[in-house]
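As structure tokens, the structure follows; a few thoughts come after it.
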Amino acid sequence: MYFDVIIIGGSYAGMSAGLQLARARRNILLVDAGQRRNRFAASSHGFLGQDGRDPGLIATEARAQLERYPTVHWLNAKAQTAKRIEGGFSVAVGAGELLKSKRLILAMGVIDRLPAIPGLQERWGKSVFHCPYCHGYELDQGRIGVIASSELSMHHALMLPDWGTTTLFTNGAFVPDADQSSQLRARGVTVETVPVREIRGECADVVLDDGRVIAMDGLFTLTQTSVPAPWAEQLGCTFEEGPLGRFISTDAVKQTAAKGVFACGDAARAVGSVALSVGDGALAGTAAHRSLMFDND
């Protein structure tokens, strides 16, 4: 079957893009591997009208609404490759089945790589977070730790006193200079330079190499991210270097450097947010539709 648009990634950005195209009565396919980035979190915040809801329920309801449109097709599978062919694109899934489309939207999100500290990964999305706006309020002005992964963690440490009493664990990632130390003191941030041995306990107790245990109500850390699709570059997409990793470069309406290929969501911006991903997807979907209408080459 030849589709107008294949969307790779069926999370918030991909479904938002699909909704615009479905309402334009275009024949679309969403290929989704089921690896929603916020699958570890019990609640989603900062998305107007959905604040505090289970992100899985938001996604499930969104899919149900999308699939009511008769031109929407859904495939639970991982896209193996995507290539340009005459008249459009081919996407290989599963054991090599080829699907074809006139346009392509990349909404496959990113992979997070956390600092290699025992106990950190298991608490990711539960008591270890990356976004203060998404999870800071629920810590109720409690004890907040920042596990440094690079000098960029200064930004986290300077922000988080608005959400609670903040301790920066430098963990050998960097040493604050005199100016940085002055900024941290001005914000009331405590600095711990002893390396972190592990994270344990019901919430996020930080065990240091000297044996001390510092109880925390929540931790924040910056991950390194990567786009899980080497073929995005092969399609002709270019990348930008963000503070936490590479992401696909797009113009204001989410068109990539590869003609006919659009990108949206976390794979195409330096900041992760459900609300921003939904907006990104709407832009990509409408831009892909305009491309189908007016761009014939």
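Residues checked against (1) modelled with pLDDT of 90 or more; (2) under 15 Å from the mean Cα position of the chain (by Cα); (3) over 22 Å from Tyr69 (Cβ atoms); (4) crowded, with 16+ Cβ neighbours inside 10 Å:
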site	(1), (2), (3), (4)
Ile6	yes, no, no, yes
Tyr12	yes, yes, no, yes
Ala17	yes, no, no, yes
Val31	yes, no, no, yes
Gly52	no, no, yes, no
Leu57	yes, no, no, no
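Say whether the condition of being part of a helix (DSSP H, G or I), closer than 21 Å to Leu160 by Cβ and free of Cβ contacts under 8 Å to residues at least 12 places away in the same chain is met by at least one residue in region 281-296.
No.
Here Asp295 fulfils each of the conditions (1) within 29 Å of Leu158 (Cα to Cα); (2) of a type in the set (Asp, Glu); (3) over 21 Å from the mean Cα position of the chain (by Cα) apart from (1).
From the list Phe47, Phe40, exactly one residue is farther than 29 Å from Glu97 by Cβ, assigned to a loop (DSSP other than H, G, I, E, B), in contact with a strand residue (DSSP E or B) (Cβ under 7 Å, 6 or more places away or on another chain) and touching a residue at least 60 places away in the same chain (Cβ under 8 Å). Which is it?
Exactly one residue qualifies, and that residue is Phe40.
Residue check: Gln121 meets all listed conditions (1) more than 30 Å from Gly236 (Cα to Cα); (2) out of contact with any Leu (no Cβ under 6 Å at 6 or more places or on another chain); (3) surrounded by fewer than 18 Cβ atoms within 10 Å (Cβ to Cβ) but one, namely (2). Restricting attention to region 208-259 and to residues that are assigned by TED's automatic domain parsing to the domain that holds Ala157 and among the acidic types (Asp, Glu), the residue that is surrounded by the most Cβ atoms within 10 Å (Cβ to Cβ) turns out to be Asp217.
The values are calculated or read from the model by the stated rules, or taken from the named source; none is laboratory data. Fair warning: this is a prediction, and the values are worked out from it, not measured in the lab. In this analysis, Cβ positions are derived from the backbone assuming ideal geometry, glycine residues included, and neighbour counts consider all displayed protein chains.
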